[in-house]
1. So, in Å, what gap is there between the alpha-carbon centers of segment 111-156 and segment 173-243?
2. Nearest 500 deg cm²/dmol is fine: what mean residue ellipticity at 222 nm does the chain get from its DSSP H runs of n ≥ 4 alone, each adding -39,500 (n - 2.57), divided by its residue count?
3. Send over a whole-number figure in Å² for the accessible area per residue of the chain, probe 1.4 Å.
4. Can you tell me which of 364-371, 21-28 comes out highest on packing, and rank the rest after it, using the mean Cβ neighbours within 10 Å?
5. Would you mind telling me the share, in percent, of accessible area of the chain contributed by carbon and sulfur at probe 1.4 angstrom?
6. Work out how much length Thr403 to Asn50 would gain on full extension: take 0.36 nm times their residue separation and subtract the Cα-Cα distance, in nm to one decimal.
7. Testing the spin-label approximation: label points 7 Å from Cα along Cα→Cβ at Leu119 and Asp287. State their distance in nm.
8. When the dipole is taken about the Cα centre of the chain, and only Lys, Arg (+1) and Asp, Glu (-1) are charged at their Cβ, what size is it in debye, to the nearest 20?
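The values are calculated or read from the model by the stated rules, or taken from the named source; none is laboratory data. These numbers come from a predicted model, not from an experiment. Every residue, glycine as well, gets a Cβ built from its backbone with ideal geometry; the counts of neighbours run over all protein chains shown. To get the accessible areas, we keep the full protein, side chains included, count just its heavy atoms, and leave off ligands, DNA and RNA. Shrake-Rupley method; radii C 1.70, N 1.55, O 1.52, S 1.80 Å.
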Amino acid sequence: MKQLTLSIIGCGNRGTIYATLASQSPERYKLIAAADPSPARADRIRQLSNNSDFKVFPSADDFLAENQLSDMVIISTQDQYHYDPCVKALEKGYDVLLEKPIAPSLEEIVDLQRLAERLGRKLQVCYVLRYTPFYRKVKELVDSDIIGDIISINANEGVLPWHQAHSFVRGKWRRADQSTPMIVAKCCHDTDIIQWLIGRKCRSVSSYGALTYFVNTNAPKDAPERCTDGCPHADSCHYNAVRYASDMREPWLELVYDNHDTASAEEIVEWLKTSDFGRCVFRCDNDVVDHQVVGMEFEGDATANLTMTAFETGRSIEIFGTQGCLKGGFFLKKNTGKDIIVTPWDGPVREYVVSEDTTGDHHMGGDKGIIGALYDEMTGDGYPVSSYIQSHIMAYAAEESRTGGRKIDLDEFAEAIAERS
Ligand SMILES: NC(=O)c1ccc[n+]([C@@H]2O[C@H](COP(=O)([O-])OP(=O)(O)OC[C@H]3O[C@@H](n4cnc5c(N)ncnc54)[C@H](O)[C@@H]3O)[C@@H](O)[C@H]2O)c1
């Protein structure tokens, strides 16, 4: 078996997870280089590589100025900096595994698709949920016809209140102009899974949603700008940032604080005094929604509804078919221990436990799954780029519907984008 050589651009949280998983399969992957302005983060990948010739670069540009160094590159920089390194990497000869969302505009997404197709490169997107044991089982059951033809789907993405505050109020995805709209950032996964399960093209979407709770007007009058400024509500506020130094240290601190494993509680509180993550959740500059619904209509008249909300935990799905219904996900697991329950209209109820251990993987085993599948996909045919684009079109169209207050026809929407690209 020939090793697939790979390099990492953007060695933050996601880049480190992928490099760690790849380093655990040395028979298939060899880490060659890393690029990140933070020397400590790039060096973390070097240490994982077990490669004395490993190269470190201070930026994507420096790495991409060299001749091609590896078979492929993983691009895991922030949302607004995917397009540029991806174009350069494809032109340089690299196949690419690109973090989602592909890019902050559909024009750039269409551009990347055309470029990858013209150059004959593989361009895969980190749709980790497709690789989870849970969604693979759901797909297998749906494809087995156990519930007949899908008529409608009801899906929930429960972001989790603390996660909302961490990422979408205080954190990196709090402003659409600095990242992407939340329905794209958080739920292009969900539009992907829904269309993958239904297996037909989405014709139109309608969407509603708003930022309702994490707003300045909800701040108690006597709450200071920062939780470290002696807030009188510190003991009763769920979002007290000082919890980063105690019960919320795991798993959140490591996502945003390089010295998370060695820092003392006092050092963390000191950091919170100036960091974005120390701010009162009602006094931030966030503008992305905290709840949004998307209605979808598919070819063959199948329909789907997706609710993304800060105020629930985990993903759940209900699939209603002509021969029965399937329910599964976080709520069921937490309350019954089962992952999936299928109720056929005739015949016994069937319960499924997806046995694979996914502890420690924030994506239900999807991070491990995608790196497990990457070798075959990159050395084989891979997926056509077009199969990733549709879910982004659906998510961007949902945002257009929410902000414009109208139903969006997806063919018209995609044609307008293609003309502008
Ligand atoms: N697939 C998923 O489910 C999933 C989950 C979370 C995040 N993401 C996406 O993954 C991406 C990365 O997220 P993250 O949480 O790892 O972010 P991060 O901020 O932890 O990491 C980004 C890294 O890019 C580096 N960087 C900045 N400029 C650079 C440059 N010019 N050249 C090279 N590196 C540069 C930063 O220093 C940082 O280390 C984002 O687009 C995010 O939306 C995807």
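1. Measuring centre to centre over Cα atoms gives 25 Å.
2. Details: 14 runs with 141 residues, N = 421.
Dividing the helical sum by the residues of the chain leaves -10000 deg cm²/dmol.
3. Values: 18330 Å² over 421 residues.
Value returned for the chain: 44 Å² of accessible area per residue.
4. Values: 364-371: 23.2, 21-28: 15.8.
Ranked from most to least packed, the peptides come out as 364-371, 21-28.
5. Values: 8850 of 18330 Å².
Exposed carbon and sulfur together represent 48 percent of the surface.
6. Working: separation 353, 0.36 × 353 = 127.08 nm, distance 4.92 nm.
Extra length from Thr403 to Asn50 when fully extended: 122.2 nm.
7. The modelled label-to-label distance comes out at 3.3 nm.
8. Details: 45 positive and 63 negative charges, 69 e Å.
Using only the charged Cβ atoms, the result is roughly 320 debye.
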